[in-house]
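Structure first, commentary second.
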Amino acid sequence: MKQPNDLPCCAVRDLLPNDLEQLTSPETHGLIEEHLKTCASCRAVRDRMREVPGAEPRPADDAAAAGFLKRTRRRARQKALLAALFTLALCAIAFFALVVQQHPFAFTAENVCRLPDGSLYFELCTSGRESGVAGLSYSDGFDADGDYEIRMGYSLYALLSSDADESGTKRYAFVLPAEIVSELAPDGRVCCRRAGRELVIWDGVSPLPEASIDVQQRAQTVLSPFTVLPS
Ligand SMILES: [Zn+2]
């Protein structure tokens with residue numbers, strides 16, 4: 001209901017800028033406040049005027065700004081942490097792929113034969129760029145099935161740091177002592193395995209040719225577990 005001394009909306013809106021700057025008399029300020037209590041549209045005009053830049057910042061605004069800053073900083077910190085974790089994960093994956101993960105050599109087995117003392121002689125030949133690889137991982141031993149297993153591999157780092165121009169194959173000569181050959185399971189084989197690849201060097205049953213004099217002399221130079229033959 002309209003009060004007897006209520007100001008018209010147009011007068012209130014004319015006075016609002018001065019009132020917000022506290023330039024109106026206490027009486028006029030009181031009348032404007034009275035009007036604003038009952039007039040939503042004038043209140044909306046006053047609220048919009050308060051938002052214009054240059055208006056006195058009020059404590060509530062300061063608190064809101066501080067809260068906003070805090071949230072922004074927290075988000076920035078979270079982003080930086082995520083980025084750091086992501087980078088760390090990438091480095092770990094790269095390290096694993098380049099240095100730890102071992103890739104199988106592509107071998108062929110040659111000159112598989114029996115030496116006079118009953119030991120097994122064979123040569124493993126690499127192909128392609130693998131001939132230039134200097135560093136490799138090696139292990140051997142009997143597996144659960146009684147097969148004698150040779151595991152040779154290289155890391156991508158070893159491949160990348162190798163001499164890529166080197167061509168030709170590399171020959172690894174092995175002499176498997178007679179005691180190991182006799183320890184093979186009845187159907188035990190001698191094989192080279194790595195990452196699901198398997199090369200059967202000797203199936204354990206096929207008759208082996210006797211080593212030639214040439215091979216016998218070469219076998220003399222073989223150290224355990226293998227020797228790289230001069231090409
Ligand atoms: Zn009004």
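Enumerate cysteines in the chain without a disulfide-compatible partner, where compatibility requires another Cys Cβ under 4.7 angstrom.
CYS9, CYS10, CYS91, CYS113, CYS125, CYS191, CYS192
Counting Lys and Arg as +1 and Asp and Glu as -1, what is the net charge of the other residues whose Cβ lies under 15 Å from the Cβ of LEU208? Provide the component values of the computation, followed by the final result.
Numbers: positive: ARG114, ARG189; negative: GLU110, ASP117, GLU123, ASP203, GLU210.
Cβ neighbours under 15 Å give a net charge of -3.
Please report the antiparallel percentage of DSSP beta bridges with both residues in the chain, rounded to the nearest 5.
Working: 26 of 30 bridges.
Roughly 85 percent of the beta bridges in the chain run antiparallel, per DSSP.
What's the extension gain from LEU223 to PHE68 if we count 0.36 nm per residue and subtract their Cα-Cα distance? Please report the intermediate quantities before stating the final value.
Details: separation 155, 0.36 × 155 = 55.80 nm, distance 7.23 nm.
Extra length available between LEU223 and PHE68 comes to 48.6 nm.
Working out 0.36 nm times the residue gap between ALA185 and SER139, then minus their Cα-Cα distance, what length gain in nm do you get to one decimal?
Numbers: separation 46, 0.36 × 46 = 16.56 nm, distance 1.95 nm.
Length difference between fully extended and current span is 14.6 nm.
What distance in nm lies between label points placed 7 Å from Cα along the C-beta direction at ASP117 and LEU98?
Those two pseudo-labels are separated by 4.4 nm.
Expected output is a single nm value to one decimal: the length gained when fully extending between ASN18 and GLU33, i.e. 0.36 nm times separation in residues minus the C-alpha distance. What is it? Numbers along the way, then the final one.
Numbers: separation 15, 0.36 × 15 = 5.40 nm, distance 1.32 nm.
Extra length available between ASN18 and GLU33 comes to 4.1 nm.
For region 116-124, what does the Karplus curve 6.51 cos²θ - 1.76 cosθ + 1.60, with θ = phi - 60°, yield as ³J(HN,Hα) per residue in whole Hz, taken in order and with x for Gly and Pro?
x, 7, x, 7, 9, 10, 7, 10, 9
If the only charges are +1 at each Lys and Arg Cβ and -1 at each Asp and Glu Cβ, what is the size of the charge dipole of region 103-228 around the Cα centre, to the nearest 20 debye?
On the way: 10 positive and 19 negative charges, 64 e Å.
Approximately 300 debye in magnitude.
Using the Cα gyration tensor of region 121-231, with a ≥ b ≥ c the square roots of its eigenvalues, what is the shape: rounded (a/c below 1.5), prolate (a/b larger than b/c) or oblate (neither)? Walk me through the numbers before you get to the answer.
Numbers: a/c = 2.31, a/b = 1.39, b/c = 1.66.
In terms of gyration-tensor shape, oblate.
Residue farthest toward the positive end of the dipole of the chain, with Cβ of Lys/Arg at +1 and Asp/Glu at -1: which of THR24, ALA80, LEU115?
THR24
What is the magnitude of the charge dipole of the chain about its Cα centre, with +1 placed on the Cβ of each Lys and Arg, -1 on the Cβ of each Asp and Glu, and no other charges, expressed in debye to the nearest 20?
On the way: 25 positive and 31 negative charges, 279 e Å.
For the chain, the charge dipole is close to 1340 debye.
Test of understanding: ordering CYS10, CYS192, CYS39 by Cβ neighbours within 10 Å, fewest first, what list do you get? Walk me through the intermediate numbers first.
Values: CYS10 9, CYS192 22, CYS39 17.
Ordered from fewest to most neighbouring Cβ atoms within 10 Å, CYS10, CYS192, CYS39 come out as CYS10, CYS39, CYS192.
Each value in this text was obtained by applying a stated rule to the coordinates, not by laboratory testing. Everything numeric here is computed off the predicted structure, so don't read it as measured data. Note that each Cβ is placed from the backbone with ideal geometry, even for glycine, and that neighbours are counted across all protein chains shown.
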